[in-house]
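Peer 1: Sharing a structure below in C-alpha cells format, with a few things to ask.
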Number of protein chains: 2
Amino acid sequence: MTFPAPIDPPARLLMGPGPISAYPSVLRAMSAPLVGQYDPFMTATMTETQELYRQVWATDNDATVLVDGTSRAGIEAAMISLVRPGDRVLVPIFGRFGHLLAEIAERAMAEVHTIEVPWGEVFPVSAVRDAIERVKPHLLALVQGDTSTTMLQPLDEIGELCRANGVLFYTDATASLGGNAFEMDAWGLDAATAGLQKCLGGPSGSAPISLSDAAVEVIRSRTRIEAGIREAGDPTASDFVRSNYFDLGMILDYWGPRRLNHHTEATTMLYGARECARVLLLEGRDAVIDRHRLHGEAMLAGVRGLGLTVFGDVAHKMSNVVAVEIPEGVPGDAARSAMLDDFGIEIGTSFGPLHGRVWRIGTMGYNARTDAVLQTLASLETVLRRFGAPVPAGGGVEAANDVYRAAS
Amino acid sequence: MTFPAPIDPPARLLMGPGPISAYPSVLRAMSAPLVGQYDPFMTATMTETQELYRQVWATDNDATVLVDGTSRAGIEAAMISLVRPGDRVLVPIFGRFGHLLAEIAERAMAEVHTIEVPWGEVFPVSAVRDAIERVKPHLLALVQGDTSTTMLQPLDEIGELCRANGVLFYTDATASLGGNAFEMDAWGLDAATAGLQKCLGGPSGSAPISLSDAAVEVIRSRTRIEAGIREAGDPTASDFVRSNYFDLGMILDYWGPRRLNHHTEATTMLYGARECARVLLLEGRDAVIDRHRLHGEAMLAGVRGLGLTVFGDVAHKMSNVVAVEIPEGVPGDAARSAMLDDFGIEIGTSFGPLHGRVWRIGTMGYNARTDAVLQTLASLETVLRRFGAPVPAGGGVEAANDVYRAAS
C-alpha cells in the first residue's frame, strides 16, 4: 500500500435513498475542537441538543437523547430496553426495515408476530387493529418510512389504538424524520428512533431517540447500575437489560442530572447531531417539511416526464424519495455507475425483491433543492438515452420546472 | 431557550485521562464531504483503514475493522460475539474497567469468574495462570491499561498461557493503544478493542477491533444472516448472537468482499479513525510510543517536582497518564475547576475508591508534547499554591525540563 494521503473524497451529489450529502454547516460543526466529558460546555451542549430534538420530534418527553451508533443502534436500544425475553412484539412489515425490526426483536428474545403487505403498499389501520386484538402484544414496532419501498405508513390513528389496548407504540423514523410530518406526542408514540443520514442532513453515526413516560417506566423497572460505579442503594433489577451499551436506563442516567458515567459521549457526532437539528429548526420544522414536499413532487414529476414508471402506491410515498422501475433493456447497475462516474451523482437500487428492479432517487436534507433535482434529471436523461431507453428530450427537467413554477 | 448559535467550544487543553484534544488533522478530516455507502471511494477507504489498523495493532488479522460506537461498543461486540450464554469467562480485575468487562460478560449471559488485586497493582503471570487452570475459561478478558488506576497489565506472556490451555485471549486497549507497546500477533491475542479518544488522538465514537482466525472461527459458527437480506443457502445458526448491531459475523461481512448490508457505516467517524491511524503511522509506531514515554516521564517528574505523591505501582504505569494523590487540605474538585476556569486546562479525578482521592493527568496523542506538559505543570503549581499546598516555586517545570534535557 502506498502511504495514504489525507482524506479527499471525490465531488458527489448524493441523490440516493441516503446517506446523502450533509449540510455544509454540519460538516463544519464536526471539525470543532473537543472538550472534556464533564466540561460545563459539554453538559450544556448535551442538554441543549436534547431540547433541540424535542422540537424535532414534536414532544415534551424529558427522555430525548442520542444513542451513540448508527440508526440501527437506536432501534436495538429501544427494542432491548423495552422488551423482556418472551414479551410479545407485533411487527407489521411493508419492506426490508420491517424485517429488520422483527430480526432485532427476535435477537432480543421477544415472541415476534408479523403481518405483511406486498412491497409498495402500507397497512390500513384496520389491519393493525385486527392484529393487535389477535396478538395482544406488549409492543407494536412499525417503521414510519421504509426506505426500501419508499412507502410512508400513516401513524396518526395508531397511537390511540395502542393506548386502548395497553400496547407500547414504537416507530423507527430514520428514513422519514424531518422530511415528512411527525408528531411524537400528538400521535401517541411511546418510543421513536432515527438517524442523521437522511432528511436531517448529517452523517450516519448518531441515533436520536425519544421515549414517553410509559416507556421510561418499563425501562426504569429494569435498571441495574453497572458494577464498578454502583453505589449502596443503587438498583440492580434481576431482569436487567441484556446489553450494557444499549441499556437505555443507564444512557438516560448519563444524559440526566446524575450524569452517571456510561459511555464517553461521541463529541464530534454530538456536534453534528446538534447542528442537524439546529439548521432544521432555524429554517422551521414546517418549512423543511414543505421543502421536502416541493422537491419530492418536482422529482416525481421529473421522472415521469422522462417516461419512467413509479413503483408503489404514490399516495403513500415519502416526500423525500421515489422509486422508479428500471426500463426494460437498461442495465440498472451500469446506468447507476454512469451517473456516478460521468456526473458525480449517486442514485440507489433497493434490497431483496426490488434489487435491480428499481432505482431509488432521494431529495432530502441539503439536497432537497432545485439545482440538485434538475442536475439529476438532466444527467439521468443522458444516461437513459445512452443505454437505449426512449426518453423525451428535456422531459424530466421541464416537468420538474412546471412543479416549481406552479409553486412560486 | 435562546436559539442556539453554531457550535463554538471554548479553548481547552485536555490533560485528563481522556478524551483528550484531537489532532488538528483529525478534526479537519471530519469535515470532509460524505460519499455513498457503496461508492468505490467509500469501500476503498474502508479497506485502506483496515490496513492502517492492522499496522496499528501489529497484526496480520484479516478481521480488523471498526465498530460504530464508543469503545464500550467494541467491548460488547467482542464479548457478545465470542461468548455463548453459559460460557465461562475469566476477568482479572485491577480497576474500574475490569469491572466493566465482567459486567458486559455477565449481560452476555456468560458464567463470569473474577480475580482481583488492589487498585494500583497489576497481576503477576502466575496469578493469571492459577486462575486459568482453576476456572478453565472459554475466554480470558483482561484490560491492558486500566485508566481508573493508570496501571498497565503486562500481556506478553499471557497469550502462550492461553494457547496452552485452549483459552481465547481478549484485551481492551482503549486507554493504552498507541502510547504503549502493543503486539497483537506476537503476544498471541485473539481479540482486541480500543477507542480513538486516548493516545490515538481522535474523538470517541469509533471502536477499532481486531480478531484472530481462532476468534473468527467461533464467530462464524454462530452466523445468521438477517432476515430481509438473507438469501437461499445463507447460514442461520440456532445459537446466533443475541444482538444484531454487535454481531461481528455480520459486521465482517459488511467490511469484507461480500459487502453485505448491515449498518450504514458512520462515514465521518471512519474519516476520523482513518486519520488517527494515518498520523500515527506517518510519525512511526515506535516513535509515537517513545514520544508518549518521554512526555509521560516528564509529567511524572514534574508532579513529583511539585511535591505530589504518585498513586500506584509506578513501574507498571501506562506512559500516557499519571495519578497523583490530592494533597491533604486541597479541595480536589475546586482545584480542578480552577485549572479549567482560569487556565483552560482539564485534568481528571477517578472512579469508585479513588474518586476525590487522586487527580489523573494525561499526556497523550496530540497533547503528548512539551508545551502541553509545561503549561499544565506551571498552572497546577499556581492552583496548588492558591489552595494552600506547600509547593516549590518552579519545581514542576524544572523537573520536567530536566527530563527533556536528558533526552535531547
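The values are calculated or read from the model by the stated rules, or taken from the named source; none is laboratory data. Predicted model only: the values in this text are computed from it and were never measured. Quick reminder, even Gly has a Cβ in these numbers, built from the backbone with ideal geometry, and neighbours come from all protein chains shown. Surface accessibility is based on the protein's heavy atoms, side chains included, excluding ligands, DNA and RNA. Shrake-Rupley method; radii C 1.70, N 1.55, O 1.52, S 1.80 Å.
Peer 1: State whether the residues of the stretch B:91-109 include one that is part of a strand (DSSP E or B) and in contact with a His (Cβ under 9 Å, 6 or more places away or on another chain). Show your work before the answer.
Peer 2: Within the stretch B:91-109, the subset part of a strand (DSSP E or B) is B:91-93.
Okay, now just the ones that are also in contact with a His (Cβ under 9 Å, 6 or more places away or on another chain), so B:91, B:93.
Yes.
Peer 1: From the list B:E265, B:E275, which one is within 12 Å of chain A (Cβ to nearest Cβ), assigned to a loop (DSSP other than H, G, I, E, B), open to solvent by less than 10 Å² (accessible area, probe 1.4 Å) and under 21 Å from A:S204 (Cα atoms)?
Peer 2: From the options B:E265, B:E275, the qualifying one is B:E265.
Peer 1: Scan (1) more than 7 Å from chain B (Cβ to nearest Cβ); (2) under 30 Å from B:F351 (Cβ atoms) for the single condition A:W57 breaks and write down its number.
Peer 2: Result: A:W57 fails condition (2) only.
Peer 1: I need the full set of residues from the stretch B:38-48 which are part of a helix (DSSP H, G or I) and facing another protein chain (nearest Cβ under 9 Å), in order please.
Peer 2: Here is the first cut: in the stretch B:38-48, the residues part of a helix (DSSP H, G or I) are B:40-48.
Residues satisfying the conditions are B:P40, B:F41, B:M42, B:T45, B:E48.
Peer 1: Looking at B:G365 and the list (1) within 14 Å of chain A (Cβ to nearest Cβ); (2) farther than 26 Å from B:E51 by Cα, which single condition is not satisfied?
Peer 2: With respect to (1) within 14 Å of chain A (Cβ to nearest Cβ); (2) farther than 26 Å from B:E51 by Cα, B:G365 is out only on (2).
Peer 1: Can you spot a residue in the stretch B:282-289 that is under 17 Å from B:L52 (Cα atoms), open to solvent by 10 Å² or more (accessible area, probe 1.4 Å), away from chain A (no Cβ under 12 Å) and basic (K, R)?
Peer 2: Yes, that holds for at least one residue.
Peer 1: Between residues in the stretch B:6-20 that are more than 7 Å from chain A (Cβ to nearest Cβ) and residues that are outside any loop (DSSP other than H, G, I, E, B) and of a type in the set (S, T, Y), which pairs lie under 8 Å by C-beta distance while being six or more apart or on different chains?
Peer 2: B:L13/B:T376; B:M15/B:T376; B:I20/B:Y366
Peer 1: Identify, by number, the condition in (1) more than 8 Å from every other protein chain (Cβ to nearest Cβ); (2) within 22 Å of the chain's Cα centre (by Cα); (3) over 30 Å from B:G18 (Cα atoms); (4) open to solvent by less than 40 Å² (accessible area, probe 1.4 Å) that A:L66 doesn't meet.
Peer 2: Of (1) more than 8 Å from every other protein chain (Cβ to nearest Cβ); (2) within 22 Å of the chain's Cα centre (by Cα); (3) over 30 Å from B:G18 (Cα atoms); (4) open to solvent by less than 40 Å² (accessible area, probe 1.4 Å), only one is false for A:L66: (3).
Peer 1: Right, here's the next one. Considering only residues that are open to solvent by 50 Å² or more (accessible area, probe 1.4 Å) and either among the β-branched types (V, I, T) or free of Cβ contacts under 8 Å to residues at least 60 places away in the same chain (or both), which ones fall in the stretch A:294-321?
Peer 2: A:T309, A:A315
Peer 1: Which residue is farthest from the other protein chains (Cβ to nearest Cβ), if the candidates are limited to the stretch B:232-257 and must be under 18 Å from B:A73 (Cα atoms) and among the aliphatic types (A, V, I, L, M)?
Peer 2: Within the stretch B:232-257, the match that is farthest from the other protein chains (Cβ to nearest Cβ) is B:L252.
Peer 1: Among all residue pairs at least 6 apart or on different chains, which show Cβ distances below 7 Å where the first residue, located in the stretch B:232-257, is in the same structural domain as B:M42 (by TED's automatic domain parsing) and in a loop (DSSP other than H, G, I, E, B) and the second is exposed (fewer than 13 other Cβ atoms within 10 Å of the Cβ) and of a type in the set (S, T, Y)?
Peer 2: B:A237/B:S221
Peer 1: Based on this model, can you work out whether A:V373 counts as open to solvent by 30 Å² or more (accessible area, probe 1.4 Å), at pLDDT 95 or above and either in contact with a helix residue (DSSP H, G or I) (Cβ under 8 Å, 6 or more places away or on another chain) or in a loop (DSSP other than H, G, I, E, B) (or both)? Quick ask: steps written out before the conclusion?
Peer 2: Numbers: open to solvent by 30 Å² or more (accessible area, probe 1.4 Å): no; at pLDDT 95 or above: yes; either in contact with a helix residue (DSSP H, G or I) (Cβ under 8 Å, 6 or more places away or on another chain) or in a loop (DSSP other than H, G, I, E, B) (or both): yes.
Answer is no for this residue.
Peer 1: I'd like the full set of residues that are touching a Phe, Trp or Tyr at 6+ places or on another chain (Cβ under 6 Å) and at the interface with chain A (Cβ under 10 Å from one of its Cβ atoms), limited to the stretch B:83-116. So that I can check it myself, show each step before the final result.
Peer 2: Step one: list which residues in the stretch B:83-116 are touching a Phe, Trp or Tyr at 6+ places or on another chain (Cβ under 6 Å), which gives B:92, B:95-96.
If the condition is that a residue be touching a Phe, Trp or Tyr at 6+ places or on another chain (Cβ under 6 Å) and at the interface with chain A (Cβ under 10 Å from one of its Cβ atoms), then B:G95, B:R96 are the ones that fit.
Peer 1: Do we find that A:T149 is touching a residue at least 24 places away in the same chain (Cβ under 8 Å) and within 27 Å of A:D253 (Cα to Cα) in this structure?
Peer 2: no
Peer 1: Hey, another quick one. Looking at this structure, is B:L260 away from chain A (no Cβ under 12 Å) and either farther than 30 Å from B:P24 by Cα or in contact with a helix residue (DSSP H, G or I) (Cβ under 9 Å, 6 or more places away or on another chain) (or both)?
Peer 2: Judged against the criteria, B:L260 is not a match.
Peer 1: Does B:D185 satisfy the condition of being among the acidic types (D, E), more than 10 Å from chain A (Cβ to nearest Cβ), open to solvent by 20 Å² or more (accessible area, probe 1.4 Å) and assigned to a loop (DSSP other than H, G, I, E, B)?
Peer 2: So B:D185 fits the description; yes.
Peer 1: Would you call A:E283 touching a Ser or Thr at 6+ places or on another chain (Cβ under 6 Å) and free of Cβ contacts under 8 Å to residues at least 60 places away in the same chain?
Peer 2: no
Peer 1: Output the residues belonging to the stretch A:322-339 that are within 15 Å of A:G16 (Cα to Cα) and touching a residue at least 40 places away in the same chain (Cβ under 8 Å).
Peer 2: Hits for the stretch A:322-339 are A:V322, A:A323, A:A335, A:A338, A:M339.
Peer 1: Provide a single number: the residues in the stretch B:383-408 that are loosely packed, with under 14 Cβ neighbours inside 10 Å, not in a loop (DSSP other than H, G, I, E, B) and not charged (D, E, K, R).
Peer 2: Looking only at that region, the number is 2.
Peer 1: Here is a further query. For the stretch B:35-58, indicate whether the set of residues that are surrounded by 22 or more Cβ atoms within 10 Å (Cβ to Cβ), free of Cβ contacts under 8 Å to residues at least 24 places away in the same chain and not hydroxyl-bearing (S, T, Y) is non-empty.
Peer 2: Yes, because at least one residue in the stretch B:35-58 is surrounded by 22 or more Cβ atoms within 10 Å (Cβ to Cβ), free of Cβ contacts under 8 Å to residues at least 24 places away in the same chain and not hydroxyl-bearing (S, T, Y).
Peer 1: Looking only at the stretch B:299-354, count every residue that is in a loop (DSSP other than H, G, I, E, B) and more than 26 Å from A:H262 (Cβ to Cβ) and tell me the total. Steps first, answer last, please.
Peer 2: Residues of the stretch B:299-354 in a loop (DSSP other than H, G, I, E, B): B:306-309, B:311-313, B:318-320, B:326-331, B:344, B:347, B:349-351.
Going one step further and asking which of them are more than 26 Å from A:H262 (Cβ to Cβ), we end up with B:306-309, B:313, B:319, B:327-331, B:344.
Final tally of qualifying residues: 12.
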